[in-house]
Structures are given as structure tokens and as C-alpha cells.
1. Condition (residue is modelled with pLDDT under 95, under 16 Å from Gly158 (Cα atoms) and not assigned by TED's automatic domain parsing to the domain that holds Ile383) applied to segment 340-361: is it met by at least one residue?
2. Determine which member of the set Gly56, Gly92 is of a type in the set (Gly, Ala, Ser), in a helix (DSSP H, G or I), touching a helix residue (DSSP H, G or I) at 6+ places or on another chain (Cβ under 8 Å) and over 19 Å from Val121 (Cβ atoms).
3. The conditions are (1) farther than 24 Å from Asp9 by Cβ; (2) modelled with pLDDT under 90; (3) among the aliphatic types (A, V, I, L, M), and Ile89 fails exactly one of them. Which is it?
4. State which residue pairs qualify: first residue touching a residue at least 40 places away in the same chain (Cβ under 8 Å) and in the same structural domain as Ser272 (by TED's automatic domain parsing) and inside segment 284-311, second residue part of a helix (DSSP H, G or I) and of a type in the set (Ser, Thr, Tyr) in any location, beta carbons under 6 Å apart, and separation of 6 or more residues or different chains.
5. Select from segment 66-100 the residues that are among the hydrophobic types (A, V, I, L, M, F, W, C) and crowded, with 18+ Cβ neighbours inside 10 Å and list them in ascending order.
6. Can you pull out every residue in segment 363-385 that is polar (S, T, N, Q) and surrounded by 13 or more Cβ atoms within 10 Å (Cβ to Cβ)?
7. Can you name the helices (runs of 4 or more DSSP H) wholly within segment 135-223 that have at least 3 residues being modelled with pLDDT of 85 or more and crowded, with 16+ Cβ neighbours inside 10 Å?
8. Could you grab me the full set of residues in segment 47-65 that are under 20 Å from Gly117 (Cβ atoms) and either touching a Pro at 6+ places or on another chain (Cβ under 7 Å) or surrounded by fewer than 22 Cβ atoms within 10 Å (Cβ to Cβ) (or both)?
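The values are calculated or read from the model by the stated rules, or taken from the named source; none is laboratory data. The model shown is predicted, which means the values in this text are computed figures rather than measured ones. Note: ideal-geometry Cβ built from the backbone for every residue, glycine included; neighbour counts use all protein chains shown.
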Amino acid sequence: MNILIADDDPATLNLLSSRLGAWDHTVYQAADGNTAWEIIRSTPIDIVVSDWMMPGLDGLQLCRRIRQMKKSGYIYLILISAQDSKADIIHGLEIGVDDYITKPIDMDALCARIEIGVRIVDLERALNRKIEIITANHHQTIRMFSQIMEVFDDELGGHCRRTAKLAVQLAGRHSGVGDAEIPIIETAALLHDIGMVGIPKSILNKRRTEMVNDERQLYQSHAAMGARIIGEIEIMKPAALLVRMHHEQYNGKGFPHGLAGDDIPIGAQLISAASIYDNMIHKGKIALDSIAENLQRIRGYLLSPQVVELLLEINVAQQHDLARKTDEERLLDDLKAGMILAANVRMKTGAFVMAADTELDGYGIDKLKHYHTIGAITEKVLIRKSSMRS
Ligand SMILES: [Fe+2]
């Protein structure tokens, strides 16, 4: 473990360092609070043993900074104090001190307390490893769902992926969206039309104005159906709520609930905005230079004025146009993770393999190479030049 000892008394500093160093810990020393803080910011410290009273930052101020720090990995903090009043100790514990030891220091007691810290830090690391595995599984599950949609309809899969990308951009710019909500919005946007999988294509291919009553009802059920599908997984429930609401409209005339204005969760408003925008661009019915005008038309009607402003700011039409003009063919052997496909990849038979706008990772590149090895696709794919790094 990396242990930092912070104490302005050189005798105590040396005594603690030699004792802990002998226990196979890596020991860092600081003679004042500011030096301690600099070490904590630049080094992966696991345990801090700090004097309460020090020049510069004192032990409590140091503790406050550590607890406010956005750094992965818990730092266990033991404060050494000449003060043993109950009120002082409670105050320190409340702001995040893990343990106290009073002067004069009983070395055996301190070492036993450091061992508690070692156990806590070890447990936290094990927990983080498990969370990483669960998170990776969660992302694989989302990708699996996303692929189901692509198999059902490659256009739908591409639409959902582009919608997710734009919804994340919108969420990043919206003042009412916290960092923790962005992955939920991304997941919901990626899967927002998964309920379409259960609806016959003969209905989906119709314009909404052409649908008869039963067909319209079936089409509209895709929002609730999608929410039901992904809501089966407990951690997906917040995303399921947004999927359910992605066809609500700012004027209250959407479905399934007819919510209006701010009653619609902001995440659902952003997914709706991204989806509408993507359809404007990719369905080819609206000229790119008239997108802004079309957005103004749905301002305060389908979408809130604030969300329309965000879309105008992003001006994806321009980005899209630019990216489209700078596509380049690349050999499969030259593909790298992070490159983005500029066109759908299809087998020589016409069957769908991978959608435009897919950001390639190792798995995707291997999949394309495998299809080429068995003779199903050509040796080149079209890549967005903007996604190529030299
Ligand atoms: Fe939808």
C-alpha cells in the first residue's frame, strides 16, 4: 500500500516512516498540509496518516479536500490529534476522517489501525473490480439488444445509434442534466425504438397519416413495449422510463401519456429531439440547408424552445455534410479502433452486416475480417475521414 505520513514534527515523521516502511508499505512523507495535498494529487495514495495541527492546511482541511476530490479509489484517513474531545472527534468523523489516534502515539495501536485501513482499501478495490465486470456485462447486454434491432432493420439500428450520439451531445449541453444521467440517456436513446421489433414491417413502412386506427394503435404501442422489454432488467428501469416517454410532445399531443412541457422527463425530450433531427437529416426529405427552418417550425410544438436552441447550436447538419464529403475507402487490414463506418456494410448477397456510423472496436474489426475471410464481403470499407487519426 502507498501510505502518506503528514506531520510537522520531524521525529514523529521519521519514526512512523521507518516503522511502516519495515512492513513493506511504500511510505511518502510531508512536513505540512500543502505538501501532503500535492502528493495526494499526484500519487495513488491508499492511506493517509495525518497530524491534526499542521502549518498550511491542517488535518481537517486536508480531509475535506480528499473527500471532495474526484479520484477513483478510496483513501483511508487516520488523524493524529492531541485533542480528544468528543465534539472534535465527531466533527472529524462527520467530514470524512475514518479513524483517530491521540498523542502520544502508541505505535502498536497505530499499526493495528493502519491494518484496518489496508483491509478497507482492499475490499474497496475488490468491489470496484466487480463493478467494472458488471458494467462491462451491462454494456455488452445493451450492444446485444442494439444488434437485435439491426438484424430486424438495419436502418432502424443506424437511426438508434446516431440518435444516441446526438442525445449525448444535447445532454452534455443541457444545464438540467447531471453527469450521472448521461449514460442513462445514451442507453435509452440507443434502444428507444426496440419496441418496433414486435410490429409488422407492413405497418412500419406506412406514413402515420396512412395508418388505419388499429395500425396506429399498434405503432404507438412500441414506446410502452420497448420500455417493458428493457425494464425487465432492474438497472435499466431509469432508461426504460425514457424509452416509454420518447414520443411525448411539448404541446401534450404525443403518446402514450399526453404529457406536456416540463412534465416530460428532460432525457425523453432530448431523445425525442435527437430522433426527430436524425430523421430530418437521413430520411432525405428535407434539404440540409433548410433544417434550421424546419426546427423553428416544431419549436414549442413537438419540442421545447430550449431543446430546439440546443439542436441549432450543435448544427449537426453541417457536421454531417462535412463528414459525408470526406469519406475514404480503407482496407480491412488498415482498420483501427475508433474509426467510424461511413456506409452500411453488406454481404455480396445484399444481406446486412454492419451499419453506417458504427464506431469500430476490436470486436467489430474482427467481425468484418471474418466475413471477408469467408468471402462474404469485399476487402475495403468506407470510413469517415474525420474519425481517422493519421
Ligand atoms: Fe419511436
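1. Narrowing segment 340-361 to residues modelled with pLDDT under 95: 340-361.
With the extra rule that they be under 16 Å from Gly158 (Cα atoms), the set shrinks to 340-346, 351-360.
After this cut, where a residue has to be not assigned by TED's automatic domain parsing to the domain that holds Ile383 as well, the list is none.
Among the residues of segment 340-361, not one is modelled with pLDDT under 95, under 16 Å from Gly158 (Cα atoms) and not assigned by TED's automatic domain parsing to the domain that holds Ile383, which makes the answer no.
2. Values: Gly56 fails: in a helix (DSSP H, G or I).
Result of the check over Gly56, Gly92: Gly92.
3. So Ile89 meets the others, but not (1).
4. Here the result reads Leu311/Tyr277, each pair linking segment 284-311 to a residue that is part of a helix (DSSP H, G or I) and of a type in the set (Ser, Thr, Tyr).
5. Going residue by residue through segment 66-100, those that are among the hydrophobic types (A, V, I, L, M, F, W, C) are 66, 69, 75, 77-80, 82, 87, 89-90, 93, 95, 97.
Across segment 66-100, the qualifying residues are Ile66, Ile75, Leu77, Ile78, Leu79, Ile80, Val97.
6. First, pick out the residues of segment 363-385 that are polar (S, T, N, Q): 373, 378.
If the condition is that a residue be polar (S, T, N, Q) and surrounded by 13 or more Cβ atoms within 10 Å (Cβ to Cβ), then Thr378 is the only one that fits.
7. Numbers: elements: 154-173, 181-190, 201-204.
Qualifying helices (runs of 4 or more DSSP H): 154-173, 181-190.
8. Correct list: Trp52, Leu60, Arg64, Arg65.
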